[in-house]
1. Quote the relative contact order of the chain in percent (integer), defining contacts as alpha-carbon pairs under 8 Å separated by 6+ residues.
2. Determine, from the Cβ-Cβ distance of residue 300 and residue 48 and an R0 of 22 Å, the FRET efficiency 1/(1 + (r/R0)^6), rounded to the nearest 0.05.
3. Hey, with R₀ at 51 Å, roughly what FRET efficiency would residue 136 and residue 75 work out to, going by the Cβ-Cβ distance, to 0.05?
4. Hey, for a label at residue 68 modelled as a point 7 Å past Cα toward Cβ, could you say which residues of segment 1-23 have their backbone N under 11 Å away?
5. So how tilted is helix 149-161 from the main axis of the chain? Cα-based, degrees 0 to 90, rounded to 10.
6. Compute the acute angle (0 to 90°) between the alpha-carbon long axis of helix 172-181 and the principal axis of greatest extent of the alpha-carbon atoms of the chain; round to the nearest 10°.
7. With the contact rule set at Cα under 8 Å and sequence spacing of 6 or more, what percent relative contact order holds for segment 175-312?
8. Stretched out fully, how many nm does the piece from residue 173 to residue 160 gain, at 0.36 nm a residue minus the Cα gap?
Ligand code: NDP
């Protein structure tokens, strides 16, 4: 089978198409023939070595497809079942062996591509808006990179909750998408100062929560636009990592809260994985959550997919179709 392997960490060219044997399932595993693999920013962090994985490794944290073989102990899925997963390395490939307790069944009304597009970014948008900071009707949230993969889903979920969303994006085209997803106000943060704009929009009151995946270039200003006791949810660093930080700043900005969450801690039990994936699939099947899958690439085009993602050229979800 073909797979995208990283032998040495580095730029997009560090991803090589290699030929590997189709995996055989261990006793607790199922082998899945991938219909689609999700491309996520976390893949960039692993590829460049910001997050560590033993070398060599097959990249990719999200996939969906059909079960082709199961290990002796597996009872929860069978050959032919449509399944999806996230949070394990190895999805940029034609086949992957996955522990069965990490697989969820894809319900009717959700396609394989939709499932691959929803597991990581959809469940992230869900835990951010429902658990990390449980948004309430009438509250105001600032969502950075709102036309991105997580961004477009988070805006829709916040809007569905009845919150007011202020979105930041880099281009007019992205602004249109953010508005279409339900953002009430959109700031082109590459042209205008989002701190001043947010203060103006909120009449100086500030927002209840900032959802920040951009990190280095946005974090500090984001602290200045929170209401007293508001929350900064820093969940990524697409522009680079936030430098070391003195907690006294939280006091000075109004006894604000800071969390730096990760999806893994919000789907760590089987119950939570099933509940969260079920909630996201339910929103998709009911037409309440629209996935924007504009960019699909062949496995061999993984390098281009990463260049586009890092180059801020993409909107919504990117998929590799093995
Ligand atoms: P996106 O589709 O959001 O792509 C990244 C976006 O970030 C770009 O499109 C761009 O939007 C914006 N951006 C701002 N500055 C830069 C920069 N210097 N370089 C590149 N992009 C920049 O990616 P994902 O949806 O896959 O991921 C979004 C973020 O969320 C990532 O940081 C990721 O690590 C994080 N994440 C965290 C999770 C968690 O549980 N903690 C889980 C999932 C994702 P624009 O052009 O509008 O500025």
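1. Over the chain, the number comes to 18 percent.
2. Taking R0 as 22 Å, the efficiency between residue 300 and residue 48 is 0.60.
3. With a Förster radius of 51 Å, E is 0.80.
4. Those under the cut-off are 1-2, 21-23.
5. 60
6. Long axis of 172-181 versus the principal axis of the chain: about 80 degrees.
7. In percent, rounded to a whole number, it is 15.
8. Extra length available between residue 173 and residue 160 comes to 2.4 nm.
Values in this text are rule-based calculations from the coordinates and carry no lab data. What you are looking at is a predicted structure, and each value in this text was computed from that prediction instead of being measured. When we count neighbours, we look across all protein chains shown, and the Cβ atoms used for this are built from the backbone with ideal geometry, even at glycine.
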